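All remarks here apply to the structure that follows.
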Amino acid sequence: MSLHDLLTQTPQPHQDGKGADDPGPRNVERDRQNPDVLRPPSTDHGTIPNLRFSFSDAHNRLEKGGWAREVTVRELPVAKTLAGVNMRLEPGAIREMHWHKEAEWAYMLVGSARITTVDQNGQNFADDVAVGDLWFFPSGIPHSIQALGDGCEFLLVFDDGEFSENSTFLITDWFAHTPKEVLAANFGVAASEFEKIPAKELYIFPGKVPGALATQQVESPQGPSPMQFSHRMLAQAPIRTPGGTVRVTDSQNFPVATTVAAALVELEPGAIREMHWHPTNDEWQYYIQGQARMTVFAAGGKARTFNYQAGDVGYVPFAMGHYIQNIGDTPVRFLELFRSARYADVSLKQWMALTPPELVQAHLHLGDAALAALVKEKKPVFRA
């Protein structure tokens with residue numbers, strides 16, 4: 001079915017002589033967005049947990065200067081390894097100075113921001129990040145995010161599915177819950193200096209757009225941090241294939257990112273992220289653009305198909321086979337993320353191509369053209 005049909009027709013839960021129409025109460029728009037859930041392919045079978053949740057269905061925390069919404073195990077129970085936060089900051093707005101037990105990986109979706117951090121050795125780091133840039137703050141390392149003149153929106157990913165943005169360690173929250181005489185003793189000034197501190201956390205709050213980065217640098221006696229906490233993902237030369245591109249960023253080319261590995265995948269209309277699986281960890285996905293579908297094979301005769309669009313989170317449990325197909329008429333762009341230092345996958349086609357063809361044929365009884373294609377092409381590809 002074309003994207004036009006998906007958006008204009010009223011899908012019905014029947015195909016191939018099975019099912020029936022749905023004359024009762026229904027959310028037609030939701031069914032249009034998820035046609036492969038309403039009328040699954042005949043190859044779907046058995047029970048597989050939900051592997052999709054949209055940020056549009058998540059509670060949105062509205063603050064002066066921005067908003068934040070999250071997808072954790074509360075919203076998507078199967079997603080135990082990673083949690084995600086979608087955040088917006090108006091120009092100059094600040095996600096206040098804070099830290100958390102989990103490591104933070106981020107991708108800038110819109111606009112630009114300034115990030116700052118200080119490591120455990122008293123060495124500091126600051127950088128301006130724009131669309132397609134990443135940052136990573138290891139667990140326990142304090143940091144801040146401030147929108148620049150164009151404002152910003154970004155995706156945060158944390159290396160624990162239980163993580164919540166509402167339970168971070170905030171500098172204003174700590175001050176508000178510390179006796180003023182203790183603050184005075186700690187900083188060596190009079191207690192009266194703390195009369196105007198906020199009575200509760202700020203979290204996100206308005207601020208002035210900061211000056212040029214060079215004018216805002218603070219020199220540390222210990223020097224700048226030797227770690228690069230930001231990375232230009234879009235500046236990486238992509239791996240180009242017949243159906244799209246992929247950029248992989250993990251600890252090999254972004255050394256500080258020791259607990260989250262990522263790939264940015266782009267699929268042309270009609271292209272497919274070939275059938276594969278990941279041998280080391282679950283996969284957490286974020287869809288940035290386009291219309292896609294994914295079937296997940298869970299062994300034991302179980303498989304289920306889901307539809308995805310911009311703002312959706314997808315999830316694939318460890319080692320389950322899957323593909324992602326562009327079913328729209330514009331490119332699909334999405335992130336694959338893993339709680340791991342290294343990115344790893346296994347291509348079904350490559351496995352078959354590097355196995356004696358007689359053995360493959362004994363299993364599958366392929367046609368001559370399919371068998372010849374396996375022998376000819378031994379590298380994993382995105383198929384158009």
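With θ taken as phi - 60° and the Karplus curve 6.51 cos²θ - 1.76 cosθ + 1.60 applied, the whole-hertz 3J(HN,Hα) list for segment 43-50 is 7, 5, 6, x, 9, 10, x, 4 Hz, x standing for glycine and proline. Set the Förster distance to 51 Å, then compute FRET efficiency between Ser192 and Leu366 from the Cβ-Cβ distance, nearest 0.05. With a Förster radius of 51 Å, E is 0.05.
Residues in segment 227-243 carry Karplus couplings, in order, of 8, 8, 8, 10, 8, 8, 5, 5, 7, 5, 5, x, 7, 9, 9, x, x Hz; the curve used is 6.51 cos²θ - 1.76 cosθ + 1.60 with θ = phi - 60°, and Gly or Pro positions show x. The Cβ shell under 12 Å around Thr330 holds other residues with a net charge of -2, Lys and Arg each +1, Asp and Glu each -1. Protection proxy ranking for 129-136, 11-18, using the average of other Cβ atoms within 10 Å per residue and placing the highest first: 129-136, 11-18. Two decimals is fine: what's Rg over Rh for the chain, C-alpha atoms, Kirkwood radius as Rh? Using only Cα positions, Rg/Rh for the chain is 1.04. Here the Debye sum runs over all C-alpha atoms of segment 56-231 as equal scatterers in vacuum, and log10 of I(q)/I(0) at q = 0.08, 0.09 Å⁻¹ comes out as -0.26, -0.33. Taking other Cβ atoms within 10 Å as a rough exposure proxy, Lys200, Lys180 sort from fewest to most as Lys200, Lys180.
Rounded to the nearest whole Hz, the Karplus-based 3J(HN,Hα) values (6.51 cos²θ - 1.76 cosθ + 1.60, θ = phi - 60°) of segment 173-190 follow the sequence 5, 5, 4, 5, 10, 10, x, 4, 5, 6, 4, 4, 5, 5, 9, x, 9, 6, with x at glycine and proline.
Exposure proxy ranking for Asp57, Asp44, based on other Cβ atoms within 10 angstrom of each Cβ and starting from the fewest, stands as Asp57, Asp44. Estimated purely from DSSP H runs of n ≥ 4, each contributing -39500 (n - 2.57), the mean residue ellipticity at 222 nm for the chain is -3500 deg cm²/dmol once divided by its residues.
Distant-in-sequence amide contacts of Gly328, defined by a placed amide H-H separation under 5 Å and a gap of 5 or more residues or a different chain, comprise Gly270, Gln291.
When Trp351, Trp277, Trp284 are sorted by how many other C-beta atoms sit within 10 angstrom of their C-beta, beginning with the fewest, the order is Trp351, Trp277, Trp284.
No value in this document is a laboratory result; all are computed from the given coordinates. Keep in mind it's a predicted model, so treat the numbers as computed, not measured. In this analysis, Cβ positions are derived from the backbone assuming ideal geometry, glycine residues included, and neighbour counts consider all displayed protein chains.
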